[in-house]
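Report on one structure; see the data block that follows.
The values are calculated or read from the model by the stated rules, or taken from the named source; none is laboratory data. Keep in mind it's a predicted model, so treat the numbers as computed, not measured. Here Cβ is always computed from backbone atoms with ideal geometry, including for glycine, and neighbour counts include all displayed protein chains. Remember, those area values only see protein heavy atoms, side chains included, never the ligands or the DNA or RNA. Shrake-Rupley method; radii C 1.70, N 1.55, O 1.52, S 1.80 Å.
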Amino acid sequence: MRTADGRCVVERREESQDVKAIGLFLTPCATSESDRVTLKELDNGTYRVIFPGRQHEARRCLGVYGASIQDGMAVTIEYCGTQELHEAEQFRLERVDLHGGGFRLRPDHLRFVPKNQRDLCLGAPEADHKEWAFVSQLECSSDSPRQVFRFLK
């Protein structure tokens, strides 16, 4: 899983000297290889983004923490179906032709919020030039390559 600007999507489970946070990040692919994810299509036309478990762990799902409707809310990876993600681990994939093509990930728990109030999708701010840019739920931008994701086989 990569962004249209060529950054790798990587989960951080522990803090380090360089990165004092855990969660989902965009980083140059020379720094770290993208996590391999599986897209699971659900009956309602949405998808779960599933991260593999490590060493006998159950699979884990990408989701918006607490099913928040706020701009800037953290994106997390938890065991699929947990209370923290119950309503926020399903995404609509919106195909876009921007920056060579890919998909916007739109949290499905926002489907009942009018777009003129909240037009949110996943990504990292363009202004975040750090080596590890935190992925969150952001106001969708019409031209941000950091909100366009590609899933490599």
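For this structure, a couple of remarks:
- For the chain, built as a Gaussian network whose Cα springs stay under 10 Å, the top-fluctuating residue of 109, 129, 99: 129
- By accessible area, using a 1.4 Å probe on protein heavy atoms only, the stretch 17-153 has 47% of its surface on carbon and sulfur.
- Structure-derived Cα extents along the principal axes in Å - corresponding label in (1) 41, 36, 30; (2) 43, 32, 24; (3) 60, 43, 27: (1)
- Distance between the stretch 53-74 and the stretch 109-135 - C-alpha centres, whole angstrom: 15
- The listed peptides 46-52, 62-68, ordered by packing as a protection proxy, come out as 62-68, 46-52 (highest mean of other Cβ atoms within 10 Å first).
- The H on the amide N of residue 148, modeled in the peptide plane, is under 5 Å from the matching H of 4, each at least 5 residues off or on a different chain.
- Using the Cβ-Cβ distance between residue 118 and residue 97 with R0 set to 22 Å, the FRET efficiency from 1/(1 + (r/R0)^6) comes to roughly 0.40.
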